[in-house]
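K.L.:
Sharing a structure below in C-alpha cells format, with a few things to ask.
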Amino acid sequence: MNKELDNILKLRDLLKERIGATLLPNDEKALMDNIMQSLEDNAIQRDAFGLNPILMKLQTALIAVEEIGLGRDGVLATMLYTSVINGQTTEDAIRAEFGEGVANIVRGLVRLHDLYKKTPVVETENFRNLIVSFAEDMRVILIMIADRVNIMREIRDTDNEEARRRVAEEASYLYAPLAHKLGLYKLKSELEDLSLKYLEHETYYMIREKLSETKASRDKYISDFILPIQKKLEDVGLKFHIKGRTKSIHSIWQKMKKQKCKFEGVYDLFAIRIILDSKPEREKMECWQVYSIITDMYQPNPKRLRDWLSVPKSNGYESLHITVLGPENKWVEVQIRTERMDEVAEHGLAAHWRYKGIKGGQGGLDEWLASIRAALEAGDDLQVMDQFKADLYDKEVYVFSPKGDILKFPKGATVLDFAYHIHSNIGSHCTGAKINGRNVTLREVLNSGDTVEIVTNTKQTPKKEWLNIVKTARGKAKVRQAIRESQQAAGLYAKELLERKFRNKKIEVDESILMRLIRKMGYKETSDFYRDIVSEDLEPNIVVERYVEMKQHEDNPYANALPARSAEEFQLSSLPQHKGALSSDDTLIIDRDMKGIDYTLARCCQPIYGDPIFGFVTVHGGIKIHHVNCPNAADLKSRFGYRIVNARWSGKGNTQYAVTLRVVGNDDIGIVTNLTSVISKDEKLLLRSITINSDDGLFSGNLVVQIDDTLRLESLIKKLRGVKGVRSVTRL
C-alpha cells in the first residue's frame, strides 16, 4: 500500500510538471477534494485485475500527456469520469467547477462505460456506437487508447486469464487499428505486441528468442550496411543520425503468416532509419538527396518505393521508404525522414501541430482535433463513417489535390465536381480518379482528407447523365456548357460532311424530307443523328441513299426505289486518284515518300513494314492502313466493302514503327534488366516504355519498342524468348 501511495504522489508531481502551466488556480484542490470524497464514500474499488484505480488513472493521464499530447481538460476528465459513474457527482457539477471542455470529455467517457456495461465485447454494432460517442469530442477516443495501453502494460502477472484475453482481443482488433489511423505508431506497435504476448504466448516468445539469437549477426550486418552510407552523407555535409530498427514481434508474425514461412524465411527483420537535422525549407530536397546517394550505392526495388514525402498520409505521416539490395544479396528497408517527421511518426498528430507552432490554447487544440477527424474519415479500414451524427464538416468536405492544395466542396460532391473545379477541359475528359491511390469512378463521393488525382482520356466527352452526378452549381453549369459546345461542334461538322456528300451527287436537300428520314431512322434528336455520323456509327453514303429512296417514293409512290449501287462503283468513284499512288492492278503502294495521299497507320493493329496490309477509306477522305489480321478487319470488309483498298509496302526508308510486345515469365531478380539489355544492345532499336506487374511468382508486362520492320521484330522476339525465365513473348 505504501508503494502504491509513493507511486501516486510521484505521478501527481510528474503530471503537475507537464501541464502545471495550463491548470487553473482551483483545479488541484477541487480534484483532490473529489478523490478524497470518493475514498470516504468507499466508491473507489479495485478492478477485475486487482489494480488501484487512482494509480491507473494517473498512469493513463501521463500516457495521454506524454505520448499523445493532451492537456488540462483531458487529464482532469480522466481523473473525474468515474465519479459521475459512481454517482459521487454530476456532469453539471463538473461543468460548473472545471468548465465545458472537461464536462464534454467526461460525458463521452461515461457513455463508453455504459456501452461496455451492456456488452463486454465490442461487436460491430457496438463499435459503430463507439464511433458516435467520440464524434462529439475526439479526445474521448485518445483517452481510450491511452487507457488500453496502460491496462495492457499492467496485466502481465494477473491470474484472471479470461479477463486478460478479452482485454487483449479488444486491443488487437479495435484499439491498435485506431492508434494506427491516428498516427500513434509507437502505441499501436506496443498494443499489437502485448496482444500477441497474451493471446499467443508460445509464438511471441519463440520470435523473441529467435530475435535474441540473431541479434549479434543482425547488429553486425546493420553496422556494415550503415558505414559506407554514413561516410557518403558526411562527405556532402548533411547533419543526421542513423538508427537500425528491428521490426516488432507482431509485424514479424504477420509476415510469417502471410508468406507462409518460418522465422528464418522473413528477410526484412529490420529497417534502417536515416533522420536528418534539416531546416524546414530544405527538408524535401535533403531527403531526396539521401535517396539518390543510397540508390547509387545499392540497387533499389522500384516496386517497394513509398513516397509519403510528396503527398503525406492523411494522419500527417511523412517519410520516404525504399528497399535496396544490400550486402549478401539481402533486401533492406531504408526510411528517410527529418527530425520533425520522426517526431510526428512516433507521437502522431499531436507532434504535427506542436511543430506548426501551436504550443497551447483552445484554437490550436481544436485545429488538431479537427485534423484527427479528417484522418479517421479518409481511410477504408474503418467502414463506419456513415454513423457520424455530430460532424464538424456536416456541410463541407476538404480534399487535397496531388500537390497538397486543400479544396473545399459541399458534402456529397463527387470526383466529377473536383475535375470541373480544376479546369473545364479536365472535367470534360474525366474518366475517373485515384483517391488515396485507389481507382474510383467519376461518381465517387468525396470525403474529408481524400487525396484526389483525376484520370482523363481525350476520347471522353461530356454526357447528359453527368448533370445527375455533379452536385455543385459550378459543376452543373460547366457540364451544360461543355455539352452544348460538344454538340454544336459535332453537329456542324456532321452537317457539313453530309452536305458535301449531297453536293458531290448533285442532290438538292429538302430539309423537311431529311427531318422525316432522321425520325424514321429512330432518332428523336437531330444531335444524336449527327453524333453518330461523327463517330462513324452511321455511314453518310447510306443516309444519302435512304434520302434518295424516300424522296423518290414521296414524288412517285408507285415507282420502285433506286437499285443499290454496287461496291465496285463506290470503290472506283471514291478512291482519290493520284499519279504514283496506285499500281496498274489498283493496289495502293505505301511508300515513305508517297505524295498526294493522306494515309495513317491504324492504332487498333499497329501494322509495320513487312506486315500484310489493306487500306480503308475514311469519311474524312484519308486512308487508314490496317493489318490483314486486324480484329476490326472482318467488320470493315462486311459493312464497308466498297471502301476497302488493296495495299502493299514499297521502299522501307528510315521509318520506325511503335510495336507492343507482351512478355510473361518467372519473377526472378534481374529478369527485367536482362530484357532491357537485349533491346539496348541493338542500336537500331529504341525502348519507349515498359510496364511490369508481378503476382504469385510470375511477372507479365508490356514493352513498347520503335522498330524498322517485321524481320527485325522477329529477330527481337526470338532473342527475348531466349532470356532465362521468359515463358512467352507475343506481339499485341
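The values are calculated or read from the model by the stated rules, or taken from the named source; none is laboratory data. For clarity, every value in this text was computed on a predicted model and none was experimentally measured. Heads up, the Cβs are rebuilt from the backbone with ideal geometry, glycines too, and the neighbour counts pull from every protein chain shown. These area figures cover heavy atoms from the full protein model, side chains too; ligands, DNA and RNA do not enter into them. Shrake-Rupley method; radii C 1.70, N 1.55, O 1.52, S 1.80 Å.
K.L.:
Considering the dipole of segment 642-695 built from charges on the beta carbon (Lys and Arg +1, Asp and Glu -1) around the Cα centre, which of VAL659, ASN693, ILE679 is farthest to its positive end?
P.N.:
Checking the options against the dipole of segment 642-695, the answer is VAL659.
K.L.:
Treat each spin label as a single point 7 Å out from the Cα along the C-beta direction, and report the ASP510 to ARG156 distance in nm.
P.N.:
For ASP510 paired with ARG156, the spin-label model returns 9.9 nm.
K.L.:
Rounded to a whole number, what is D in µm²/s for segment 641-686 from Stokes-Einstein with the Kirkwood radius over alpha-carbon pairs (20 °C, 1.002 mPa s)?
P.N.:
The calculation lands on 146 µm²/s.
K.L.:
So how strong a dipole does segment 1-99 carry about its Cα centre when Lys and Arg Cβ are +1 and Asp and Glu Cβ are -1, to the nearest 20 debye?
P.N.:
Around 200 debye, computed over segment 1-99.
K.L.:
Using θ = phi - 60° and the Karplus form 6.51 cos²θ - 1.76 cosθ + 1.60, what ³J(HN,Hα) does each residue of segment 88-94 get, whole Hz, x for Gly and Pro?
P.N.:
Per residue, the Karplus-derived 3J(HN,Hα) values read 6, 8, 10, 4, 4, 5, 5 Hz.
K.L.:
Taking 0.36 nm per residue of sequence separation and subtracting the Cα-Cα distance, how much length would be gained by fully extending the chain between LEU732 and ASN457, in nm to one decimal? All intermediate terms of the calculation are to be shown ahead of the outcome.
P.N.:
Values: separation 275, 0.36 × 275 = 99.00 nm, distance 2.11 nm.
This chain segment gains 96.9 nm when fully extended.
K.L.:
At 1.4 Å probe size, with every protein chain present, just tell me what the per residue accessible area of segment 622-712 comes to in Å².
P.N.:
I get 52 Å² per residue for segment 622-712.
K.L.:
Report the FRET efficiency, 1/(1 + (r/R0)^6), for GLU525 and ASN439, where r is their Cβ-Cβ distance and R0 is 51 Å, rounded to 0.05.
P.N.:
Numbers: r = 33 Å, r/R0 = 0.65.
Efficiency, from the Cβ-Cβ distance: 0.95.
K.L.:
In debye to the nearest 20, how big a dipole does segment 651-732 give about its Cα centre with +1 on each Lys and Arg Cβ and -1 on each Asp and Glu Cβ?
P.N.:
Its charge dipole is roughly 280 debye.
K.L.:
When N counts the residues of segment 38-95, how does its alpha-carbon radius of gyration compare numerically with 2.2 N^0.38 Å, as a ratio?
P.N.:
Output field value: 1.19.
K.L.:
Quick one: of LYS16/LYS57; LYS471/LYS524; LYS434/LYS463; LYS247/LYS330; LYS57/LYS197; LYS464/LYS524, which pairs are farther than 18 Å apart, Cα to Cα?
P.N.:
Distance filter (> 18 Å) returns LYS471/LYS524; LYS434/LYS463; LYS57/LYS197.
K.L.:
Moving on to the next point. Provide the FRET efficiency to the nearest 0.05 for the LYS330-ILE422 pair, computing r from the beta carbons and using R0 = 51 Å.
P.N.:
For R0 = 51 Å, the calculated efficiency reads 0.70.
K.L.:
Follow-up. Quick query: amide H of THR431 versus all other amide H atoms, modeled in the peptide plane; which residues come in under 5 Å with a sequence gap of 5 or more or a different chain?
P.N.:
It is VAL455, THR456, ASN457, by chain and number.
K.L.:
With a 1.4 Å probe and all protein chains kept in place, how do LYS239, LYS478, LYS551 rank by accessible area, largest first?
P.N.:
These residues rank, largest area first, as LYS239, LYS551, LYS478.
K.L.:
Let's test the formula: R0 of 56 Å, r as the Cβ-Cβ distance of LYS408 and LYS257. What FRET efficiency results, to the nearest 0.05? Intermediate results must be reported in sequence, preceding the final value.
P.N.:
Values: r = 43 Å, r/R0 = 0.77.
Once the sixth-power term is evaluated, E becomes 0.85.
K.L.:
Over 18 Å between Cα atoms, which of LYS411/LYS476; LYS188/LYS403; LYS284/LYS313 qualify?
P.N.:
LYS188/LYS403, as the Cα separations exceed 18 Å there.
K.L.:
Amide H neighbours of PHE240 under 5 Å, at least 5 residues apart or on other chains, H built in the peptide plane: list them.
P.N.:
Those qualifying (amide H under 5 Å, at least 5 residues apart or on another chain) are ASP277.
K.L.:
Any idea how far apart ARG721 and ARG603 come out in nm if each label point goes 7 Å out from Cα toward Cβ?
P.N.:
Simple spin-label model gives 3.1 nm for this pair.
K.L.:
Given axes a ≥ b ≥ c from the Cα gyration tensor, I'd like to know whether segment 133-245 is rounded (a/c under 1.5), prolate (a/b larger than b/c) or oblate.
P.N.:
Oblate is the answer for segment 133-245, as a/c is 1.5 or above yet b/c matches or exceeds a/b.
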